[in-house]
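Below: one structure, written as structure tokens.
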Amino acid sequence: MELDGLAAIISGGASGLGEATARRLAKAGVKVTLFDMNAERGGAVAADIGGHYCKVDVSDTESVSVGLAQARLIHGQERICVNCAGVATGSKTVDRDGFAHDPVSFARTIQINLIGSFNVASQCAAGMVKAAALDDDGARGVIINTASVAAFEGQVGQIAYAASKGGIASMTLPMARDLARDGVRVMAIAPGLFKTPMLAGLPEDVQQSLGAQIPFPSRLGNPDEYAALVQHIVQNPMLNGEVIRLDGAIRMTAR
């Protein structure tokens with residue numbers, strides 16, 4: 001799939017993996033719309049890359065619908081959907097005082113990370129399947145969701161986060177099968193330890209300690225390395241229905 005001139009939706013596009021993806025795709029000629037709750041940062045990134053910003057709460061179906069309508073008026077039907085919006089919460093099933101995990105916090109993590117990705121992906125897919133084919137294969141679009149290595153090796157205190165990312169990994173193949181006859185591919189990327197704002201805010205010695213846990217290269221991942229994989233997935237038509245670990249061969253321990 002040729003990138004130049006295509007339209008893309010990137011949720012969580014104001015920072016981290018989403019911002020890196022927005023910048024890389026825009027540089028390749030893609031018309032990018034960012035979905036994010038941070039209006040100041042989202043607007044600044046969009047202006048810098050010549051894209052568009054919409055304040056969208058991915059956990060709210062109507063908010064996603066409104067954002068897509070705005071994006072399509074400006075850039076036309078999106079052919080690329082990349083979901084990076086998410087939250088990372090930490091809490092054990094039972095805390096040290098004997099209290100059960102807050103169900104509201106658990107539900108919020110699922111609502112944003114898993115249901116939010118589904119909301120954006122499914123509504124983008126509904127537009128893509130009605131669009132004209134882009135090539136002789138009948139390709140109409142690509143959806144890329146962001147899982148995590150926590151989907152497979154969730155650590156202590158990551159029950160909500162791991163459950164949300166495990167759901168993203170599990171819905172990849174059935175969503176790809178659902179959309180195969182309409183030429184829409186579905187993939188997921190499961191990043192390991194990346195230098196996103198959350199980790200970049202830690203002391204340098206802590207960052208180096210985390211990076212040293214990665215077999216090779218022994219450092220935190222660069223968000224542009226995630227973005228480079230997004231670009232390759234879009235351009236490689238045989239990548240479909242799979243979750244790709246992007247982690248330097250790390251396997252997370254219990255703690």
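Side notes on the structure shown:
- A search for C-beta distances below 9 Å between a residue of region 170-189 that is in contact (Cβ under 8 Å) with a residue 24 or more places away in the chain and crowded, with 16+ Cβ neighbours inside 10 Å and any residue that is in a helix (DSSP H, G or I) and acidic (Asp, Glu), counting only pairs 6+ apart in sequence or on different chains, returns Val184/Asp178; Val186/Asp178.
- Note on region 85-158: enclosed helices (runs of 4 or more DSSP H) holding 2 or more residues that are under 17 Å from Met171 (Cβ atoms) and among the small types (Gly, Ala, Ser) are 116-128, 150-153.
- Pairs meeting the criteria (first residue in region 90-108 and closer than 10 Å to Ala160 by Cβ, second residue assigned to a helix (DSSP H, G or I) and of a type in the set (A, V, I, L, M, F, W, C), beta carbons under 7 Å, at least 6 apart or on different chains) are Ser91/Ala160; Thr93/Ile159; His101/Ile159; Ser105/Ala160; Phe106/Ala160.
- The listed residue being among the polar types (S, T, N, Q) and either on the phi > 0 side of the Ramachandran plot or in contact with a strand residue (DSSP E or B) (Cβ under 7 Å, 6 or more places away or on another chain) (or both), out of Asn145, Asn119, Asn113: Asn145
- For the residues Val30, Val87, Val56, Val82, the requirement of being more than 13 Å from Val230 (Cβ to Cβ), surrounded by 20 or more Cβ atoms within 10 Å (Cβ to Cβ) and β-branched (Val, Ile, Thr) singles out Val56.
- A count restricted to region 215-225 and to residues that are surrounded by 13 or more Cβ atoms within 10 Å (Cβ to Cβ), of a type in the set (A, V, I, L, M, F, W, C) and at pLDDT 95 or above stands at 0.
- Put simply, of Asp4, Asp102, Asp95 the only residue that is surrounded by fewer than 24 Cβ atoms within 10 Å (Cβ to Cβ), modelled with pLDDT of 95 or more and either of a type in the set (Asp, Glu) or over 25 Å from Val186 (Cα atoms) (or both) is Asp4.
- Residue among Thr253, Thr196 that is under 14 Å from the mean Cα position of the chain (by Cα) and either more than 30 Å from Ala125 (Cα to Cα) or at pLDDT below 95 (or both): Thr196
The values are calculated or read from the model by the stated rules, or taken from the named source; none is laboratory data. Since this is a predicted model, take the numbers as computed values, not measurements. Every residue, glycine as well, gets a Cβ built from its backbone with ideal geometry; the counts of neighbours run over all protein chains shown.
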